[in-house]
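*Asks:* Sharing a structure here in structure tokens format.
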Amino acid sequence: METNFSIELVQLEDYRFEAHFDNPAVPVLITDENAPLGGDAGPNPARLLALAVVNCLAASLLFAMRKFKNQPQPLRAVAHVTKGRNAENRLRITGIAVELHLGVMAAEVNMLERILGQFEEFCTVTQSIRAALPVTVSVLDKSGAVLKAA
């Protein structure tokens, strides 16, 4: 099990960086700021934060579903990010709303209530940032029925 890790950023030009991970199997990721500050050559830090949250929640839900012999694929997850200004008029992320869409109907899921009641607790990223940033989570089945409200 992974306990600690390192990521190295190398500036290419302006706000464009290469992110090198400490696992050689993971490809280099290009990051950049949005235009006009950057050149839109890759995701910016705010998008990477939202990606970390939505990916962690989707993986946690998938793990919980499989634990009870469910196959929820294809899963689809969407993060809606809100931004605003703080008291010093600095731009901040003010919330992330995540929608997790199952590829199956609710009736096909074993132990659904238990899964919905616990999967978020195993999401390392979301639980790490929730003290500073509101993250809401909704789960919907294949028909669009809301199984868990934000």
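*Asks:* Filter the stretch 79-120 for residues that are loosely packed, with under 14 Cβ neighbours inside 10 Å and touching a helix residue (DSSP H, G or I) at 6+ places or on another chain (Cβ under 7 Å) and give the result.
*Replies:* Scanning the stretch 79-120 gives a single hit, Q118.
*Asks:* Being touching a Phe, Trp or Tyr at 6+ places or on another chain (Cβ under 8 Å) and assigned to a strand (DSSP E or B), is that true of even one residue in the stretch 54-77?
*Replies:* no
*Asks:* Only one of P72, P43 is more than 12 Å from the chain's Cα centre (by Cα), modelled with pLDDT under 95, crowded, with 16+ Cβ neighbours inside 10 Å and of a type outside the set (D, E). Can you tell me which?
*Replies:* On inspection, the qualifying residue turns out to be P72.
*Asks:* Check whether at least one residue in the stretch 81-92 is of a type in the set (S, T, N, Q), farther than 22 Å from I115 by Cβ and touching a Gly at 6+ places or on another chain (Cβ under 6 Å), and report yes or no.
*Replies:* Yes, the stretch 81-92 has at least one match.
*Asks:* Only one residue in V81, V125 is within 17 Å of A46 (Cα to Cα), within 17 Å of the chain's Cα centre (by Cα) and in a strand (DSSP E or B). Which one?
*Replies:* V81
The values are calculated or read from the model by the stated rules, or taken from the named source; none is laboratory data. Keep in mind the model is a prediction, meaning the values are calculated, not measured. Please note: Cβ atoms are built from the backbone with ideal geometry, for glycine as well, and neighbour counts cover all protein chains shown.
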